[in-house]
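K.L.:
I'd like to ask you about the structure that follows.
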Amino acid sequence: MSAMIQSIDANTAGAEHELTDGFHLIIDALKLNGVKTIYGVPGIPITDFGRMAQAEGIRVISFRHEQHAGNAAAIAGFLTKRPGICLTVSAPGFLNGLTALANATTNCFPMILISGSSEREIVDLQQGDYEEMDQLAIAKPLCKAAFRVLHAADIGIGVARAIRAAVSGRPGGVYLDLPAKLFGQVMDAEAGANSLVEVIDPAPAQLPAPGAVKRALDVLKGAKRPLIILGKGAAYAQADDQIRALIEKSGVPFLPMSMAKGLLPDTHPQCAGAARSTVLKDSDVVMLIGARLNWLLSHGKGKTWGDAPKKFIQIDIEPKEMDSNVEIAAPLVGDIGSCVSALLEGIGDTWQAPPSDWIDAVNSKREENIAKMAPRLMKNSAPMDFHGALGVLRTVIRERPDAILVNEGANTLDLARGIIDMYQPRKRLDVGTWGVMGIGMGFAVAAAIETGKPVLAVEGDSAFGFSGMEVETICRYNLPVCVVVFNNNGIYRGTDANPTGGTDAATTVFVKDARYDKMMEAFGGVGVHVTTPDELKRAVDTAIDSGKPTLVNAAIDPAAGSESGRIGNLNPQSILKKK
Ligand code: ADP
Ligand code: MG
C-alpha cells in the first residue's frame, strides 16, 4: 500500500499526486512475494521500517540479538522452502546476523539478510560515519549472492534478485544491503508500483537427464548390499511421498542423516539408523539423496566405510557437489522431487528386492543394538544420566510425533540424535553441517511461528547459554516452546578442576547447580527444576499440554558426558599436555 502524500514539489505545485517512498516499496515488494514474517532486531536505520512493516500486516518478530533472529530466518527457510527474512541494523548488528547467514549458506537454507547501512559517500571515502562499514564487501564471501540497492526505483528488482538467488538451485543465504538514505527516497506511487517484480517460479524444477537416470538405476540394480542415505536436502525438498515410494518399492535399507530423521519414521522396517556402522561399512552401492559426503559421513572413505569397494549414486541439485570427496559412479543432477520421480518411473514392476542375506544382516544388527540400548533408557535414578533423561524424552516424541524437536549441545546432541526416534518429516532441527552451538532459541522461535506446532528444545547447558536471553522473546510472543536444559554444570562435564589449583574455575565448568528455570520465570514463563526422569516426563508433558513457555532445568550427573561428545577425535593432541 502506498502512502498518499501531498506533493510540495514546486513543479507540480497545486497538483495532488500520490507518492511512495523506499520504506513502502520494500514492504510492498516483500508482500507481493508472499513474505509474511520478518525476524530481526530494531535500531538505526531500520526502526521505522519495522514499525511500518508491522502496520502493513507483516508479522515482525523482534529478538534480543541478531544472530538468533538470523537463525530463526534460516530455519524458517528450511521449513517452508521460501527465503526466511532477517532484518538488522548496520555494522555490528549486521555482523551479528552474518554468522547466521554464513551458517544458512553452509547448510543450504534459503535466507535473506537485509541490513540497513551507512551512507555510501562517507563509507567509500572512509570519513568515519556512524557504524561505518562496507557491509556488501564483507558479506560477499560468506553467502550465495549479495546485492545493494541505491535507488527506490530498483527496490523491486533488488528484492526479486535476492529471492531468486536464495531459493533457486542449491538454496543458500543472500545479503541485501539497504543504505539509510534509500528508505526515505520518494517517487511517484504509480511508477513505484510498476517497478515491483513478482518472482514467477522462484525455484524452477530441474529435471535430470534420462541417460543419468538409467545409469543410476543400472548401478543400483547391480548392488548386492545397497543403501540409501537421506540428507537434509531430501527433507528440504518436500518430496516426502516420492521418497517413501522409492524406498519402499526398491526395498533398500535407508539411513537418515540427522535432520532427515522422520522423513520416513525411524521405526520403519527398512530404517538402518540403529545399524549405522554396519551399513556404512558393508554396503556396496550407496545412493545419496540430498546428503553430502562431508565430515559427517567421514568424506566417503576410511575406516567408517570399510574395505568393501563401493559405488556411489548421488542425487543433488548442485553439479559441483559430485566427486567432492570420492568418485561418483552415477551423478544424478536435478531437484530431488524430479530425480526421485524419474527413478520411480524407471524402476518398473520387475524390480528385484535386494538379496535377503543383506536385509537379514541389517535387521539383526539393528535389533541387537536396539536391545542393548533399551535398559539404559529406562533408568529412573537421581542424579540422571543422559540416557535416563533422553529415554523419557523419546517417549514424549513418540506420543507427540507432530512436535518439533530442536537439539544442540555435545553429549546432549549426539545422544539425543541416536535415542529420540522421529516420525514425521522436518521435525528435527539441529546444529547442522557446522555443528554450530547457538541455534537453539532462534530455531525454536521460528519453528513455533512457522508451524504453530509445539516445540521441544533439548539443550546442553553450554549450548543454551549462547541464545538463552531469547527466552524473553519466547515469553513475549507467548510461544508454545518447552526448553529442557541438560544441566551437568559445564561444557562436556562439570567436574574439571583448575590444573594450577588456583581459585579460577576450570575452563569448561559453569556455576554449580545453576537454576536456568528461574530465567524463564523472570519473564512470566514457567520454570521447573527436576532431578529424575519421571519428574522430567511430567514437567514436559505439562508444558506441552499447556502450550505455555516453559524451561525445565534437568539436573544431570556432572560426571556424565564425554569430551566433545562423539567427535572427541577431532581435538588436536599435544605431546606436552600435562596429565
Ligand atoms: P546432511 O547434512 O543431512 O547430509 P547436506 O546439507 O550435507 O545434508 O546436503 C544437502 C544437499 O542437498 C546439498 O548438497 C544440497 O545441494 C542438496 N539439495 C538441497 N535442496 C535440494 C533439492 N531441492 N533438490 C536436490 N538437492 C537439494
Ligand atoms: Mg553441559
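The values are calculated or read from the model by the stated rules, or taken from the named source; none is laboratory data. Computed from a predicted model, the values in this text were never measured in an experiment. Quick reminder, even Gly has a Cβ in these numbers, built from the backbone with ideal geometry, and neighbours come from all protein chains shown. For accessibility, only protein heavy atoms count, side chains too; no ligands or nucleic acids. Shrake-Rupley method; radii C 1.70, N 1.55, O 1.52, S 1.80 Å.
K.L.:
Which one is farthest from A237 (Cα to Cα) among residues in the stretch 183-212 that are among the small types (G, A, S) and open to solvent by 40 Å² or more (accessible area, probe 1.4 Å)?
P.N.:
G184
K.L.:
Residues of the stretch 344-355 being within 17 Å of F254 (Cβ to Cβ) and not aliphatic (A, V, I, L, M), which ones?
P.N.:
Across the stretch 344-355, the qualifying residues are W351, P354, P355.
K.L.:
Considering only the stretch 458-472, state which residues are open to solvent by less than 10 Å² (accessible area, probe 1.4 Å), among the small types (G, A, S) and more than 9 Å from ligand 2 (Cβ to nearest atom).
P.N.:
Hits for the stretch 458-472 are S467, G468.
K.L.:
If R476 satisfies every condition in (1) among the charged types (D, E, K, R); (2) open to solvent by 10 Å² or more (accessible area, probe 1.4 Å); (3) under 18 Å from the mean Cα position of the chain (by Cα) but one, which is the exception?
P.N.:
(3)
K.L.:
If you go through the stretch 290-322 one residue at a time, how many are open to solvent by less than 10 Å² (accessible area, probe 1.4 Å), within 12 Å of ligand 1 (Cβ to nearest atom) and either without any contact (Cβ under 8 Å) to a residue 12 or more places away in the chain or under 17 Å from K221 (Cα atoms) (or both)?
P.N.:
2
K.L.:
Looking at (1) out of contact with any Leu (no Cβ under 7 Å at 6 or more places or on another chain); (2) of a type outside the set (A, V, I, L, M); (3) within 15 Å of ligand 2 (Cβ to nearest atom), which one does G565 not meet, given that it meets all the others?
P.N.:
Checking G565 against (1) out of contact with any Leu (no Cβ under 7 Å at 6 or more places or on another chain); (2) of a type outside the set (A, V, I, L, M); (3) within 15 Å of ligand 2 (Cβ to nearest atom), the one that fails is (1).
K.L.:
If you don't mind, there's one more thing I want to ask. Is it the case, given these coordinates, that A555 is closer than 24 Å to M378 by Cα and open to solvent by less than 80 Å² (accessible area, probe 1.4 Å)?
P.N.:
Considered against the rule, which asks whether it is closer than 24 Å to M378 by Cα and open to solvent by less than 80 Å² (accessible area, probe 1.4 Å), A555 comes out as yes.
K.L.:
Separate question: Looking only at the stretch 170-199, filter to residues that are in a loop (DSSP other than H, G, I, E, B) and under 18 Å from the mean Cα position of the chain (by Cα); which one of those is nearest to ligand 1 (Cβ to nearest atom)?
P.N.:
R170
K.L.:
Got at least one residue in the stretch 340-358 being part of a strand (DSSP E or B), open to solvent by less than 50 Å² (accessible area, probe 1.4 Å) and of a type outside the set (F, W, Y)?
P.N.:
No, there is no match, as no residue in the stretch 340-358 is part of a strand (DSSP E or B), open to solvent by less than 50 Å² (accessible area, probe 1.4 Å) and of a type outside the set (F, W, Y).
K.L.:
May I pose another question? Does V219 meet the test of being farther than 22 Å from G432 by Cβ, away from ligand 1 (no atom under 15 Å from the Cβ), open to solvent by less than 30 Å² (accessible area, probe 1.4 Å) and assigned to a loop (DSSP other than H, G, I, E, B)?
P.N.:
Taking the combined requirement at face value, the residue does not satisfy it.
K.L.:
Could you list, ordered by first residue, the pairs with Cβ atoms under 7 Å in which the first is in the stretch 190-212 and in the same structural domain as N33 (by TED's automatic domain parsing) and within 24 Å of A342 (Cβ to Cβ) and the second is at pLDDT below 95 and open to solvent by 70 Å² or more (accessible area, probe 1.4 Å), at least 6 apart or interchain?
P.N.:
Filtered contacts from the stretch 190-212: no entries.
K.L.:
Scan the stretch 487-524 residue by residue and report those that are farther than 13 Å from N553 by Cα and touching a strand residue (DSSP E or B) at 6+ places or on another chain (Cβ under 6 Å).
P.N.:
G490, G494, D496, T508, V509, F510
K.L.:
Filter the stretch 444-457 down to the residues that are open to solvent by 10 Å² or more (accessible area, probe 1.4 Å) and not charged (D, E, K, R), then identify the one that is nearest to ligand 2 (Cβ to nearest atom).
P.N.:
P454
K.L.:
Which of the residues belonging to the stretch 1-55 are modelled with pLDDT under 95, open to solvent by 50 Å² or more (accessible area, probe 1.4 Å), in a helix (DSSP H, G or I) and among the polar types (S, T, N, Q)?
P.N.:
N11
K.L.:
Quick one: which strands (runs of 3 or more DSSP E) sit completely within the stretch 418-525 and have at least 2 residues that are within 25 Å of P383 (Cβ to Cβ)?
P.N.:
Qualifying strands (runs of 3 or more DSSP E): 455-460, 481-487.
K.L.:
Go through (1) more than 15 Å from L176 (Cα to Cα); (2) touching a residue at least 12 places away in the same chain (Cβ under 8 Å); (3) more than 26 Å from the chain's Cα centre (by Cα); (4) open to solvent by 40 Å² or more (accessible area, probe 1.4 Å) one by one and return the number of the condition R59 breaks.
P.N.:
Among (1) more than 15 Å from L176 (Cα to Cα); (2) touching a residue at least 12 places away in the same chain (Cβ under 8 Å); (3) more than 26 Å from the chain's Cα centre (by Cα); (4) open to solvent by 40 Å² or more (accessible area, probe 1.4 Å), the lone unmet condition for R59 is (3).
K.L.:
Identify the residue in the stretch 406-421 that is touching a residue at least 60 places away in the same chain (Cβ under 8 Å) and within 16 Å of the chain's Cα centre (by Cα) and, among all such residues, is farthest from ligand 2 (Cβ to nearest atom).
P.N.:
Among those that are touching a residue at least 60 places away in the same chain (Cβ under 8 Å) and within 16 Å of the chain's Cα centre (by Cα), it is R417.
K.L.:
For the stretch 257-287, enumerate the residues that are open to solvent by 20 Å² or more (accessible area, probe 1.4 Å) and part of a helix (DSSP H, G or I).
P.N.:
S258, G273, A274, R276, S277, T278, K281, D282
K.L.:
Right, next: When the stretch 401-417 is examined, which residues are found to be buried (at least 19 other Cβ atoms within 10 Å of the Cβ) and in a loop (DSSP other than H, G, I, E, B)?
P.N.:
A403, G409, A410, listed by residue number.
K.L.:
Given the criterion surrounded by 24 or more Cβ atoms within 10 Å (Cβ to Cβ) and not assigned by TED's automatic domain parsing to the domain that holds E321, identify the matching residue among P110, P141, P92.
P.N.:
Only one candidate qualifies: P110.
K.L.:
Got at least one residue in the stretch 391-399 being of a type outside the set (D, E, K, R), open to solvent by less than 10 Å² (accessible area, probe 1.4 Å), over 15 Å from F464 (Cα atoms) and within 16 Å of ligand 1 (Cβ to nearest atom)?
P.N.:
no
K.L.:
Provide a single number: the residues in the stretch 128-173 that are more than 22 Å from Q185 (Cβ to Cβ) and without any contact (Cβ under 8 Å) to a residue 24 or more places away in the chain.
P.N.:
The qualifying residues number 4.
K.L.:
Now a separate question. I'd like to check something: does the stretch 242-256 contain any residue that is open to solvent by less than 10 Å² (accessible area, probe 1.4 Å), of a type in the set (S, T, N, Q) and away from ligand 1 (no atom under 13 Å from the Cβ)?
P.N.:
Taking every residue of the stretch 242-256 in turn, at least one turns out to be open to solvent by less than 10 Å² (accessible area, probe 1.4 Å), of a type in the set (S, T, N, Q) and away from ligand 1 (no atom under 13 Å from the Cβ).
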